[in-house]
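Working notes for the structure below.
The values are calculated or read from the model by the stated rules, or taken from the named source; none is laboratory data. Computed from a predicted model, the values in this text were never measured in an experiment. FYI the Cβ positions are ideal-geometry reconstructions off the backbone, even for glycines, and counts take in every protein chain you see. These area figures cover heavy atoms from the full protein model, side chains too; ligands, DNA and RNA do not enter into them. Shrake-Rupley method; radii C 1.70, N 1.55, O 1.52, S 1.80 Å.
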Amino acid sequence: MHPVIECRHLTHYYGSKPALCDVSWSLKPGRILGLLGRNGAGKTTTINILNSFLTPTAGLCLLFGEAADRLSPATKARIGYLIEGHVQYDFFNLHQIERFYAAFYPRWNTAIYRHLVGKLDLAPSQRISSMSCGQRSQVALALILAQQPDLIIMDDYSMGLDPGYRRLFVEVIRDYAADGRRGILLTSHIVQDLEGLVDDVVIYQHGRVLVDSTVAALTDGFRKYSFVTHDSFPDIFDPVRLLRLEHHPKRSALYGFLDLENARRELERRHIQAHDLRAESLTLEDIFIALTGKY
């Protein structure tokens, strides 16, 4: 079975500036993948290549085994896109836009659409242009899920949403993926929304893949050890070992795929005298910041 998405050695330049450098990863059926990275890391460039808005300088992107820029109509009908909660044709009302979209998708499910927009408690005659940002995003989600796509790509789906709407998005996405057949790709600047939702993460840094892992392997293996020291040392990040060392006046920190004994050895190897070395729990957002930096 083909991966739902497969990126092979993607490279792209804007003039002489590299945006993606030999990027490879895949999304398998039945998985939810979070594509993460700081601003400018290459996420939007990747999304634009997936949408065939951009042709990469080198490499290949496949959707269901077909090149992203040469998809057959049948494959296009299997893909739903949500780009920053955007709804086209916002001059339509709720009833009109459903009729318009339904004509293009043979698997259209009216019950799904009406269930989701019904949560808005709005009249079918209300124009989308008169709705709040969160309401428009909910309509966009309903329009996508009613298509019953086998791949959903959601780029910064939580932008502009209040906590209630973000929680609703997470619940709906999780329920939609529960049958294990569909692939979902998410990007978001609010990393905590993805915890408990995504199965896999790909983290970009400076246009390269820094991490490609299951969430379970990342959260189980990546640790923080805080300690007290009177030694002074510069902050260090090793992108090969995925190890970060931070100096603070009160409690310094060592991050990495290390157990307690190997953490002690790492500090000894660097001639750092550590006192009160202790493990501390990390959220997915904590891990993301530890890997990509605070600034």
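Quick notes on this structure:
- Among residues other than Arg174 with Cβ under 15 Å from its Cβ, the summed charge is -2 (Lys and Arg +1, Asp and Glu -1).
- Folded to 0 to 90 degrees: helix 133-145 orientation relative to the chain principal axis, Cα: 70
- Amide H contacts of Arg78 (H built 1.01 Å from N, under 5 Å, at least 5 apart or other chain): none
- Heavy-atom accessible surface of His275, to the nearest 10 Å², is about 90 Å², with a 1.4 Å probe and all protein chains retained.
- Evaluating 6.51 cos²θ - 1.76 cosθ + 1.60 at θ = phi - 60° for every residue in segment 98-113, the Karplus couplings come out as 5, 4, 5, 5, 4, 5, 9, 10, x, 9, 4, 10, 4, 4, 5, 4 Hz, glycine and proline recorded as x.
- Neighbourhood net charge (13 Å Cβ-Cβ; Lys/Arg +1, Asp/Glu -1) for Tyr113: +3
- Solvent-accessible area assigned to carbon and sulfur over the chain amounts to 50 percent, based on a 1.4 Å probe.
- Other residues whose C-beta falls under 10 angstrom from the C-beta of Asp199 contribute a net charge of +1, scoring Lys and Arg +1 and Asp and Glu -1.
- Between the amide H of Phe92 and those of Ile128, distances stay under 5 Å, these residues lying 5 or more places away or on another chain, with hydrogens modeled in the peptide plane.
- Under Karplus coefficients 6.51, -1.76 and 1.60, residue-wise ³J(HN,Hα) of segment 232-238 in Hz, glycine/proline x: 10, 8, x, 5, 9, 10, 10
- Considering only the chain, percent of DSSP beta bridges that pair antiparallel, nearest 5: 65
- Placing +1 on the Cβ of every Lys and Arg and -1 on the Cβ of every Asp and Glu, with no other charges, gives the chain a dipole of roughly 380 debye about its Cα centre.
- Candidate aspartates and glutamates for bridging to Lys28, where Cα separation is under 16 Å - those fewer than 8 sequence places away on the same chain excluded: Glu6, Glu66, Asp150, Asp179, Asp199, Asp200, Asp212
- All C-alpha pair distances within segment 229-295, sorted into 10 Å bins from zero, spread as 18, 59, 23, 0 percent across the bins.
- In straight-distance terms, cross-link reach from Lys294 covers every one of the lysines whose alpha-carbon lies under 26 Å from its own, apart from those fewer than eight places away in the same chain; here that gives Lys17, Lys43, Lys224, Lys250.
- The Rg/Rh ratio for the chain, using Cα coordinates for both the radius of gyration and the Kirkwood hydrodynamic radius, is 1.04.
- Compactness check for segment 110-235: Cα Rg over 2.2 N^0.38 Å is 1.38.
- When the chain is described by a simple charge dipole with +1 on each Lys and Arg Cβ and -1 on each Asp and Glu Cβ, the residue from Leu116, Ala216, Asn39 located farthest towards its positive end is Leu116.
- Extent along principal axes [Cα atoms of segment 210-263; Å; largest to smallest]: 37, 20, 17
- Amide H to amide H, with H built 1.01 Å from N, Arg223 comes under 5 Å of Gly256, Phe257, Leu258, counting only residues 5 or more places away or on other chains.
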